[in-house]
Amino acid sequence: MAITLNNGFKMPIIGLGVWRMQGQEIKDLILNSIKIGYRHFDCAADYKNESEVGEALKEAFDTGLVKREDLFITTKLWNSDHGHVVEACKDSLKKLQLDYLDLYLVHFPVATRHTGVGTTDSALGEDGVLDIDTTISLETTWHAMEGLVSSGLVRSIGISNYDIFLTRDCLAYSKIKPAVNQIETHPYFQRESLVKFCQKHGICVTAHTPLGGAAANTEWFGTVSCLDDQVLKGLAEKYKKTAAQIALRWGIQRKTVIIPKTSKLERLKENFQVFDFELSKEDIEVITNMDKKYRTNQPAKFWGIDLYA
């Protein structure tokens, strides 16, 4: 299944996020995921593993496992490179060993002190607070992103972690509209207004953290996961699926793209097995009532400032 973006390109509705994956683990996971049926991979310069992803993709292409045109590859511009968009994109392409990206996202709506292309540092000031660069506007960054499309380096461009106000502004100043807004959304953090706003204006919503972060965000941010909720467990029993599959299917039926992350082969298979059932309207409503407006991914822990405040 795929969603057609506002520029006509098709984006697979499920992908594999590669955050917090390293070394040989990445190669095995990507190659195995392609064999399972995944055709969409969500990367970022800040994940510091684009080179490893590139090696895995090269092997997949060289061995005939898949063709480049069959894959949808996303990566993201880091905060410290807002003033160096072209150089940052080319650096990612080189590491990924690709000639073009299917989708390039502005990772966060904030420019920070430049620390060198591809270094993806989050420089802090002497006060321990993120060193935000107030000389680079998001509009300037976006117009540089548009240039990547014109030059053929990127097919689609989008935004990430933008709220309604910032998304609305991007629509106003853009010549090329954002194709995607990638945001945290899951049963505990549904953000229905933002999702509806984006979809109304032709922007596809991609759900990062579609399972509520699970173990990864518990470890990093001390948050709890919706997968432990008795409501999801009850629905899982009803449909003879897992709680994760229920949450992912809910995301699909919202017409959002889902990019669950896992390092386990069995979970990789499980997360892809969400096309053989459908949640009833009544059960969708049950999940709707689970919303706690609960964010699980909170970079303020590292930045000394809550950019969502």
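The values are calculated or read from the model by the stated rules, or taken from the named source; none is laboratory data. Here the structure is a predicted model, which means the values were calculated and not measured. With ideal geometry, Cβ positions are generated from the backbone for all residues, glycine too; neighbour counts draw on all protein chains shown. All accessible areas refer to the heavy atoms of the entire protein, side chains included, with ligands and DNA or RNA removed. Shrake-Rupley method; radii C 1.70, N 1.55, O 1.52, S 1.80 Å.
Apply 1/(1 + (r/R0)^6) to the Cβ-Cβ distance of Ile305 and Lys281, taking R0 = 30 Å, and write down the FRET efficiency to the nearest 0.05.
Calculated transfer efficiency: 0.15.
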Dipole check, the chain, charges on Cβ (K,R +1; D,E -1), about Cα centroid: among Gln245, Thr115, Phe302 the Cα furthest to the positive pole belongs to Gln245
What is the distance, in nm, between label points placed 7 Å from the Cα along the Cα-to-Cβ direction at Lys200 and at Glu87? 4.1 nm
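Relative contact order of the chain: what whole-number percent is it, with Cα pairs under 8 angstrom and at least 6 residues apart?
This gives 18 percent for the chain.
By how many nm would the segment from Lys94 to Phe165 lengthen if fully extended, with 0.36 nm per residue of separation less the alpha-carbon distance? Walk me through the numbers before you get to the answer.
Working: separation 71, 0.36 × 71 = 25.56 nm, distance 3.40 nm.
My answer for the length gained is 22.2 nm.
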The percentage of the accessible area of the chain (probe 1.4 Å, all protein chains present) made up of carbon and sulfur atoms, to the nearest whole number, is 52 percent
Over all directions, the average projected area of the alpha-carbon convex hull for the chain comes to how many nm²? 15.2 nm²
Selection from Val257, Gln182, Ile203 lying farthest towards where the dipole of segment 171-309 points positive, charges on Cβ: Ile203
Given 0.36 nm per residue, what is the gain on full extension from Ala2 to Leu65 after removing their alpha carbon distance, in nm? 20.6 nm
On full extension of the chain, what length is gained from Asp28 through Lys269, given 0.36 nm per residue of separation minus the C-alpha to C-alpha distance? 85.4 nm
Could you tell me the accessible area of Lys264 in Å² (1.4 Å probe, neighbours in place), rounded to the nearest ten? 120 Å²
Dipole magnitude of the chain about its Cα centre, charges +1 at Lys/Arg Cβ and -1 at Asp/Glu Cβ only, in debye to the nearest 20? 900 debye
Give me the 1.4 Å probe accessible area per residue for segment 57-180, excluding ligands and nucleic acids, in Å². 43 Å²
Quick one: if you stick a label point 7 Å off each Cα along the C-beta vector at Ser174 and Thr134, how many nm between them? 2.8 nm
